[in-house]
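The values are calculated or read from the model by the stated rules, or taken from the named source; none is laboratory data. Values in this document were obtained by computation on a predicted structure and should not be read as measured data. Positions of Cβ are backbone-derived with ideal geometry, glycine not excepted, and every protein chain shown enters the neighbour counts.
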Amino acid sequence: MANRLRLKKYPNRRLYDTRNSTYVTLGDVAEQIRQGWEVEVIDAKTRQDVTAFILTQIIMEQAKKSNSLLPVSLLHLIIRFGEGSLSEFFENYLERTIQSYLNYKKNMDEQLRIYLELGMDFSSMAQKSMKDFTPFNPFFESSQVDPADKKEKND
């Protein structure tokens, strides 16, 4: 399991990393998450868990930079139905769907890498076998056969 990073959120909106005893930015937190850390954020004053709020802020900051993280039509649906049926979907299925996609992508990338490595081997094998191939002969004959032997067979 990933390591857990515990942060305190102070009323001045600053985040305090209790492990390293330093203040951190949303960018720092995002980088820690990319490195595999699980984040837990507790409001220092109320002791409430505000992790989802902070993670949403990180996502919103990333969306500002890329101009769009989610399609506008999906954002409309989230706002329109977010507290009803969509919240159940997000809680129960979205995480598993994304995780399945990431696992599938990882497996496909690994298979492609293996095929490319094999392709390099097949390429050299093909070059070796093509060296003996004569394209105008309907049957594969080795070019190592003596032409005089071919003439005797035809006579």
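Descriptive notes on the structure:
- Residue among Glu61, Glu152 that alone is assigned to a helix (DSSP H, G or I), modelled with pLDDT of 80 or more and acidic (Asp, Glu): Glu61
- Yes/no for Leu102 being of a type outside the set (D, E, K, R), modelled with pLDDT of 75 or more and more than 17 Å from the chain's Cα centre (by Cα): no
- When Arg6, Arg19, Arg47 are screened for being in contact with a Ser or Thr (Cβ under 6 Å, 6 or more places away or on another chain) and either farther than 20 Å from Glu91 by Cα or exposed (fewer than 11 other Cβ atoms within 10 Å of the Cβ) (or both), only Arg6 passes.
- Among the residues listed as Leu94, Leu69, the single one being modelled with pLDDT under 85, outside any helix (DSSP H, G or I) and closer than 24 Å to Glu31 by Cα: Leu69
- One residue stands out among those in the range 9-57 that are part of a loop (DSSP other than H, G, I, E, B) and aliphatic (A, V, I, L, M): the one that is modelled with the lowest pLDDT, which is Ala44.
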